[in-house]
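This report concerns only the one structure given below.
Every read-out reported here was derived from the displayed coordinates using simple, explicitly stated rules and does not represent laboratory data. As the structure is a computational prediction, the values presented were derived from the model and not from experiment. Positions of Cβ are generated from backbone atoms using ideal geometry, with glycine treated the same way; all protein chains shown enter the neighbour counts.
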Amino acid sequence: MRKLTEDKIAKIYWKRLSDFWGLFTISLFTVDFFTGGGMRQITTAIAVIYISILGIFIGEKEYLRWKNIYISKFFGEGYIILWTTILVILVIISSFSRRYHFPEQMSVVYISVLTFYFASLRSKILKKRRLAK
């Protein structure tokens, strides 16, 4: 039973850390956009940190799912909707005004978020199929 508690604590830790860095990264990209690239020096470093933490969280979550310890109560669709909405808004604004600078690393982070989401979704589907047998 102790192992289960440690696993739950680890999952909660990585989820909260991932949520924090995700929101921080989105905020930083938005500030960078509206300052005309004023935060460009740190966006790459923050993007790498966020992608790494998100990868660790997804890996931990999937490991626990396949060990029958974890059942997802959260929906990653919310993050996909948030990232997509902000990205589309920034692309539209930058299309009409040269005053704003679209953050170069934002598309890399967006593709990474999509990749992690779809890999996790596929894993969830495969796990459900396995349990149905």
Return the long-range amide H neighbours of GLY37 (sequence gap of 5 or more, or a different chain), with a cut-off of under 5 Å between placed amide H atoms. HIS101
Stokes-Einstein, Kirkwood over Cα pairs, the stretch 2-132, 37 °C, 0.692 mPa s; D in µm²/s equals 206
Most packed first (mean Cβ within 10 Å per residue), the peptides 108-121, 50-63 order as 50-63, 108-121
Please state the charge dipole magnitude for the stretch 2-132, taken about the Cα centre, from unit charges on C-beta atoms (+1 on K and R, -1 on D and E), reported in debye and rounded to the nearest 20. 780
When you count, for each residue, the other Cβ atoms within 10 Å and take the mean per peptide, how do 26-38, 7-19 rank with the highest first? 26-38, 7-19
